[in-house]
Every structure is written in structure tokens, then in C-alpha cells.
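Student: Starting off with a structure, shown below.
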Amino acid sequence: MKKKEMICIVCPIGCHLEVIEDATSESGYIVKGHKCDKGRVYGIKEMINPTRLITSTVIIKGGNLPRLPVRTDKEIPKNKIFDCMKIINEIEVEAPIKMGDILVENILETGSNIVASRSL
């Protein structure tokens, strides 16, 4: 039986979760310690397929600031974060850029794009 303790990061409460593998439950896991259903869903997702949004910055040339904030538009698998950051760290763009512009499409075949978080 697999068991893991974690802190939920879905909302500011930060519930202390205990996720226990249980073949008899519909999801295959029992979650204890959550104060809302989002915590239960988060706990199960962390056990099955943990994902994260990435926020970072890239170099921008010709802008009034040296760096442009960027993010993924969807969550990516947690095990691809470092590979994704290698790509993001190599990006250089030219101003003007509008918020929401796609800088890298379908990064690492995840279905997520790297997009500008602001206009510069």
C-alpha cells in the first residue's frame, strides 16, 4: 500500500493531505485532510500524474525592460520542468510583444505553449 503526505497547493489554505492507495475506491486512492473537493482531486492527481504551470522570463530586445515574463498556458508533466526550462532559458524575442503571444508552440510535445504574460 502506497502512502504519501503532501500539502495542497490549490488554494491558500494549504491543507495537509494524506493520500493512501486503496484498490477498493473508485479513483484507487483515499485522500484525508482536505477541506474541499479540490484538495481531494489534487491529492489523487499528484499520485497519478503530477503537473505544474511554469512561470519564468526570457530576454527581450528593443523593449523598455530587459526581460519578458512568460508562462505555460497549460500544466505540463512535473518530470518535464527542467527540460522545459532549458528551452525557455534560450529564448530571445524582439519587441513589440503582446500579452498572450505564443513564443514556443507545443513545448516538448506536451500540448502546452509558452506565452507572453505581458505586453512590452
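Read-outs: derived from the displayed coordinates by stated rules, not from any lab. Keep in mind that this is a model prediction, so the values were computed, not measured. Methodologically, a virtual Cβ is constructed for each residue, glycine included, from the backbone with ideal geometry; neighbour enumeration extends over all protein chains shown.
Student: Can you give me the relative contact order of the chain as a percent, contacts being Cα pairs under 8 Å and 6 or more apart?
Tutor: Value for the chain: 19 percent.
Student: Each residue of the stretch 11-25 in order: what ³J(HN,Hα) in whole Hz does its phi give by Karplus 6.51 cos²θ - 1.76 cosθ + 1.60, θ = phi - 60°, with x for Gly and Pro?
Tutor: These are the phi-based 3J(HN,Hα) values: 9, x, 5, x, 4, 8, 9, 10, 10, 10, 5, 8, 5, 7, 7 Hz.
Student: Using amide H atoms built 1.01 Å from N in the peptide plane, name the residues 5+ places from Gly63, or on other chains, whose amide H lies under 5 Å from its own.
Tutor: Sorted by chain and number, the residues that satisfy this are Ala95.
Student: Sequence gap at least 6, Cα distance under 8 Å: using those rules, report the relative contact order of the stretch 55-116 to the nearest whole percent.
Tutor: 39
Student: PRE reach from Ser117 (point 7 Å along Cα→Cβ): which of the stretch 42-79 fall under 11 Å by backbone N?
Tutor: Taking a point 7 Å out along Cα→Cβ of Ser117, the residues of the stretch 42-79 whose backbone N falls under 11 Å are 54-58, 68-72.
Student: Of the candidates Pro12, Pro77, Pro96, which one comes out as most mobile in a Gaussian network treatment of the chain with C-alpha springs shorter than 10 Å?
Tutor: Greatest mean-square fluctuation among the candidates belongs to Pro12.
Student: Right, here's the next one. Give the order of Ser27, Ser112 when sorted by the count of other beta carbons within 10 angstrom, beginning with the fewest.
Tutor: Ser27, Ser112
Student: For the stretch 55-116, just list the percent of Cα-Cα distances falling in each 10 Å bin from zero outward, please.
Tutor: The distribution over the stretch 55-116 is 23, 57, 19, 2, given as percents.
Student: Once you have the Cα-Cα distance between His16 and Glu105, take 0.36 nm times their residue separation minus that, and quote the gain in nm to one decimal.
Tutor: Between His16 and Glu105, full extension yields an extra 28.5 nm.
Student: Could you work out the Kirkwood radius for the chain, taking every pair of different alpha carbons, averaging 1/r and inverting it, reported in Å?
Tutor: About 16.2 Å for the chain.
Student: Then there's this: On alpha carbon coordinates alone, what is the Rg over Rh value for the stretch 3-48, Rh being the Kirkwood radius?
Tutor: Reported Rg/Rh, Kirkwood definition of Rh: 0.94.
Student: Show the residues, 5+ positions off or on another chain, whose built amide H is closer than 5 Å to the amide H of Asp101.
Tutor: The answer is Ala116.
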